[in-house]
1. Answer yes or no as to whether residue 261 is part of a loop (DSSP other than H, G, I, E, B) and within 16 Å of the ligand (Cβ to nearest atom).
2. Suppose we filter the range 20-56 for residues that are in a helix (DSSP H, G or I), out of contact with any strand residue (DSSP E or B) (no Cβ under 6 Å at 6 or more places or on another chain) and of a type outside the set (A, V, I, L, M); how many remain?
3. I'm trying to understand the selection: among the residues of the range 10-59, which are more than 16 Å from the ligand (Cβ to nearest atom) and β-branched (Val, Ile, Thr)?
4. Somewhere in the range 29-38, is a residue surrounded by 15 or more Cβ atoms within 10 Å (Cβ to Cβ), free of Cβ contacts under 8 Å to residues at least 40 places away in the same chain and within 26 Å of residue 198 (Cβ to Cβ)?
5. Check residue 290 against each of (1) closer than 19 Å to residue 438 by Cα; (2) within 15 Å of the ligand (Cβ to nearest atom); (3) touching a strand residue (DSSP E or B) at 6+ places or on another chain (Cβ under 9 Å); (4) not polar (S, T, N, Q) and name the one condition it does not meet.
6. Residues that are farther than 25 Å from residue 37 by Cα: which helices (runs of 4 or more DSSP H) entirely in the range 61-147 hold 1 or more of them?
7. Would a scan of the range 243-251 turn up a residue that is out of contact with any strand residue (DSSP E or B) (no Cβ under 7 Å at 6 or more places or on another chain), within 11 Å of the ligand (Cβ to nearest atom) and closer than 20 Å to residue 262 by Cα?
8. Looking only at the range 345-378, filter to residues that are part of a loop (DSSP other than H, G, I, E, B) and touching a strand residue (DSSP E or B) at 6+ places or on another chain (Cβ under 9 Å); which one of those is nearest to the ligand (Cβ to nearest atom)?
Amino acid sequence: MAQPICIAVVGSGYVGLVSAACFAELGHRVICVDNDEAKVRLLKDGGLPIHEEYLPEMLGRLRQESIEFTTDLHEATRQADAVFIAVGTPQSDNGDADLSYVDAVASAIARSIDNYKVIVEKSTVPVYTNEWITRTLERNGASRDTFDVVSNPEFLREGTAVTDFLHPNRIVIGVENERAAHLLRQIYEPLTSGAYYDRPSAVPGSRSADNPPPLLQMSTRAAELTKHATNAFLAMKISFINAVANICDAAGVNVEEVARGVGMDDRIGPRFLRAGIGYGGSCFPKDVAAFRWVAEQLGHHFDLLAEVERINADQKKLFFRKIRSALWTLRGKRLAVLGLAFKGGTDDIRESPAIEIVRMLLKEGCSVTLFDPAAMERTKEVLEPGPRVKYVSDMYEAATDAHAVLVLSDWQEFAAIDLDRLREALRHPIVIDGRNLFDPEVMSGKGFTYFSVGRPSLATGVKAVKL
Ligand code: UDX
């Protein structure tokens, strides 16, 4: 690598922490800044506030060498060549992104700039935020020739964020001048040149020295829109297949056969066509709403996105109806819940469809026994405790004496469950699977009454409805 760059990353949430660790992994010197003192102390002491594959080993290796943690934004800005803003942009009441953290950080950075810096927006922000950050920096005393503002959206999925960072489909930079573009290209050079993939210690993934990722350079506004449009499109793909799944349910057709047939058209592609209980997480719900709001502000009603949201919300209600029709009455029933995270492989429960379904069940008078490989502590922080809520430490314990098992997150370990042991533990062999983890034929062969999303239930012999 030509020259290591000194990078400050402000905000050590999922995006900030993973980006910081990966920049250090690429050979740069990184200062990770957060105003949460407890979090910084935890990180300094070798702890981790999030559950992410490869991150513990990477930080273990790099903590002594090239990455440091601090609450001192002023000093970090002084030392850095590039300052990445990766703070939260939560959804405000009317759907738009609340940019007050970005504003506060930009104002503070402005007061610390003493020579040329590239300020990079990494948080997901609406189009024109770049201009706002520029204005904020100027208003707070930074002279225009001492900085450039660049947009570098992330496309990191929780659970695979490190691999997504180091083996990206593409790296997008929105930039208006060559000086800033040059610095960003240098930062990503170990990936774009392919050199990183030749290292024996490189995190494995789909990229290689012969097949490095492309870096797309575009205007800042185009980069901002690329991020919103990408997430909105992916959410639309999920809602689309969920709507198709509901039709499949009515027609007695397996949605996976349809998704396979559709996805093999390479204009569509096979990914993000898994039907289920809808998308959740910290990005899709927020970004779809924010993109709709942005469109509205620019004079366009993006009603398609409203429909994407409606289908997503309905998907949980339809699943709930499925539980009711499988169990008849719900009051007093004891249900085993496998999965609380918004998807498998993470401890994140933000906007988790699982949590919403658990709340619906409690409202109907059910008792729930909850298990998730990583998300139970977080669930305890948000779910009212009570005599009808129990947390257990494994899947079989959750199933013991339950009237049915509900599968609500797609953890690998759930798909690998010992079905004989599960059936023996249950009071009734009923599995209601919101993530289509099991094969209906196998389940039926093992003696389960099995319900899933958009796939005929063999045990109950669901018939196609004649149109
Ligand atoms: C997403 C984007 O993928 C990532 O690029 C972005 O930058 C941040 O938001 P993430 O929220 O971590 O990442 O999760 P993702 O794997 O995309 O899944 C989002 C939700 O959609 C989950 O609830 C998941 O279970 C659901 N999903 C995903 C489906 O229901 N079906 C699918 O086929 C894919």
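The values are calculated or read from the model by the stated rules, or taken from the named source; none is laboratory data. Remember, it's a predicted structure, so these values are computed and weren't measured experimentally. No Cβ is skipped: glycine too gets one built from the backbone with ideal geometry, and neighbour counts run over all protein chains shown.
1. No.
2. The total comes to 6.
3. 10, 30, 31, 33, 40
4. Among the residues of the range 29-38, at least one is surrounded by 15 or more Cβ atoms within 10 Å (Cβ to Cβ), free of Cβ contacts under 8 Å to residues at least 40 places away in the same chain and within 26 Å of residue 198 (Cβ to Cβ), which makes the answer yes.
5. Here residue 290 meets the rest and fails (1).
6. Helices (runs of 4 or more DSSP H) meeting the threshold: 129-139.
7. Yes, because at least one residue in the range 243-251 is out of contact with any strand residue (DSSP E or B) (no Cβ under 7 Å at 6 or more places or on another chain), within 11 Å of the ligand (Cβ to nearest atom) and closer than 20 Å to residue 262 by Cα.
8. Here the residue is 372.
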